[in-house]
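The values are calculated or read from the model by the stated rules, or taken from the named source; none is laboratory data. If you're wondering where the values come from, they're calculated on a predicted model, not measured in any experiment. FYI the Cβ positions are ideal-geometry reconstructions off the backbone, even for glycines, and counts take in every protein chain you see. Note: accessible area is taken over every heavy atom of the protein model, side chains too, but ligands, DNA and RNA are not part of it. Shrake-Rupley method; radii C 1.70, N 1.55, O 1.52, S 1.80 Å.
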Amino acid sequence: MVDTNDQWIMDRTGIRERHVLAKGLGVSDMCAEAAKKCLAARGIAADKIAEFGIELIIVGTVTPDMMFPATACLVQDKIGAKGAWGFDVSGGCSGFVFALQAGVKMVESGAHRKVLVCGADANTRMTDYTDRTTCVLFGDGGGAVLIEPCEEGEIGFIDFEHEVDGAGGVSLNLKGGGSLNPSSHETVDKKMHYIFQDGPAVYKFAVRKMAEATAKVLARNGVTGADLGCFIPHQANKRIITATADRLGMDPERVIINIEKYGNTSAGTIPLAMETAVEEGKLKKGDLVLLAAVGAGFTVGAALLRWEI
Ligand SMILES: CC(C)(COP(=O)(O)OP(=O)(O)OC[C@H]1O[C@@H](n2cnc3c(N)ncnc32)[C@H](O)[C@@H]1OP(=O)(O)O)[C@@H](O)C(=O)NCCC(=O)NCCS
């Protein structure tokens with residue numbers, strides 16, 4: 001479709017494979033599927049979800065099924081989470097970690113005891129396959145986690161470090177279809193319904209801010225890269241991940257990288273990488289885990305936790 005080659009894509013990004021959500025499905029379908037898998041791992045069968053009593057569903061996404069209702073409402077219906085409420089979080093590629101903090105604080109405050117947090121995006125729905133600078137990067141995918149109260153000190157969430165820099169919005173955006181540029185023939189003709197990205201500007205910001213945010217959250221908690229069981233970063237570019245891991249002094253074996261298999265799935269990358277870490281046996285109960293992401297906004301997110309399962 002475009003003038004590119006496998007060598008360039010692998011060398012510059014580390015991506016080999018990307019997945020495309022089947023026609024007729026939306027992000028809510030990926031979230032519902034992931035939620036069912038997550039709950040099954042917790043011992044809750046699909047037909048028992050209603051009685052399990054999920055109280056809140058938060059979905060991090062920038063590719064909702066539609067402008068409204070929120071994807072969280074569609075997921076609630078699809079999994080039969082009777083009695084739950086929910087909302088979406090638009091944080092670009094940091095959407096999952098932003099949603100995670102919202103969910104965690106709901107549990108910590110005592111407001112809720114069972115919160116489902118999903119991160120998913122169908123980026124191929126907004127990718128211009130005549131633009132070689134973006135079409136080789138983005139794929140579709142997502143995941144879900146369940147947050148419940150735990151005993152203090154053993155496992156669970158320790159800290160978050162989040163930031164936005166709205167001036168960066170010009171470097172990565174999708175201009176059409178919102179209240180400023182409602183969909184029209186003109187917005188279609190001008191390709192305003194596709195991802196626009198100034199790759200090098202995003203790259204520079206991502207390398208600097210991933211390092212800054214992760215260093216901050218580690219320092220605040222008296223932890224170094226060497227203390228971490230796992231570093232699970234957003235998967236936008238393998239070079240961004242290794243640059244951050246180097247600055248943290250992380251053993252490459254403990255850095256989770258699956259970008260080769262999925263490409264950049266925005267809010268989906270961290271939950272997908274969590275699954276990869278579990279599959280590869282790189283996470284055990286009580287391990288210190290660092291999550292980090294940078295995305296459209298610009299947004300920056302990092303989380304420090306002790307792994308549960
Ligand atoms: C997009 C990205 C991979 C491009 O890599 P880069 O090393 O910065 O490359 P550049 O954009 O400087 O382009 C270098 C050259 O490769 C070319 N190029 C771009 N895409 C190409 C492709 N798919 N195949 C072949 N050549 C390509 C460019 O046209 C340019 O050619 P030129 O030097 O003749 O102008 C990189 O900038 C990146 O990963 N940015 C961050 C993306 C990101 O994280 N986005 C999501 C945030 S959540």
Q) If the chain between residue 220 and residue 25 were fully stretched, how many nm would it gain, using 0.36 nm times the residue separation less the Cα-Cα distance? A) 66.0 nm
Q | segment 94-169: trypsin sites (Lys or Arg not before Pro) falling in loop per DSSP and having at most 15 other Cβ within 10 Å | A | 113
Q. Which of the helices in the chain, when you take each full DSSP H run, stretch at least 18 Å along the axis at their Cα atoms and have an average Kyte-Doolittle score of -0.5 or higher?
A. 27-41, 95-108, 199-220
Q) Where in segment 148-206 are there GluC sites (Glu not before Pro) that are in a DSSP coil and have at most 16 other Cβ atoms within 10 angstrom of their Cβ? A) 151, 152, 154
Q | Backbone HN-Hα couplings from phi across segment 142-152 [Karplus 6.51/-1.76/1.60, Hz, Gly and Pro as x] | A | x, x, 8, 10, 10, 10, 9, x, 9, 6, 5
Q: Could you compute the FRET efficiency for residue 46 and residue 129, with r as their C-beta to C-beta distance and R0 at 41 Å, rounded to 0.05?
A: 0.70
(Q) Under 10 Å, Cα contacts only: if you run a Gaussian network model on the chain, which one of 96, 87, 298 comes out with the highest mean-square fluctuation? (A) 87
Q.
Give me the extension gain from residue 280 to residue 78: residue separation times 0.36 nm, minus the current Cα-Cα distance, reported in nm with one decimal.
A. 69.7 nm
Q.
What are the ³J(HN,Hα) couplings of segment 288-302, residue after residue, when phi is run through the Karplus curve with 6.51, -1.76, 1.60 and θ = phi - 60°? Round to Hz, x for glycine and proline.
A. 7, 10, 10, 10, 7, 8, 9, x, 4, x, 5, 10, 9, x, 9
Q | Relative contact order of the chain, pairs being alpha-carbon contacts under 8 Å that are 6 or more residues apart, as % | A | 25 percent
Q) Could you give the accessible area per residue of segment 156-241, probe 1.4 Å, as a whole number in Å²? A) 51 Å²
Q. Gaussian network model of the chain, Cα springs within a sub-10 Å range: biggest mean-square fluctuation belongs to which of 92, 286, 297?
A. 286
Q: Only Cα pairs under 8 Å and at least 6 apart count here; give the relative contact order of segment 33-136 as a rounded whole percent.
A: 31 percent
Q: At 1.4 Å probe size, with every protein chain present, just tell me what the per residue accessible area of segment 22-95 comes to in Å².
A: 48 Å²
(Q) For a Förster distance of 51 Å, can you work out the FRET efficiency between the beta-carbons of residue 184 and residue 16, rounded to the nearest 0.05? (A) 0.85
**Q.** Protein accessible area in segment 1-108, 1.4 Å probe - carbon and sulfur %
**A.** 55 percent
Q: Write out the trypsin sites (Lys or Arg not before Pro) in segment 243-308 meeting two conditions: DSSP loop, and at most 15 other Cβ atoms within 10 Å of their Cβ.
A: 284, 285
Q | Percentage relative contact order, segment 153-286, counting C-alpha pairs under 8 Å, at least six apart | A | 21 percent
Q | Top of 158, 240, 15 by mean-square fluctuation, Gaussian network on the chain, Cα under 10 Å | A | 158
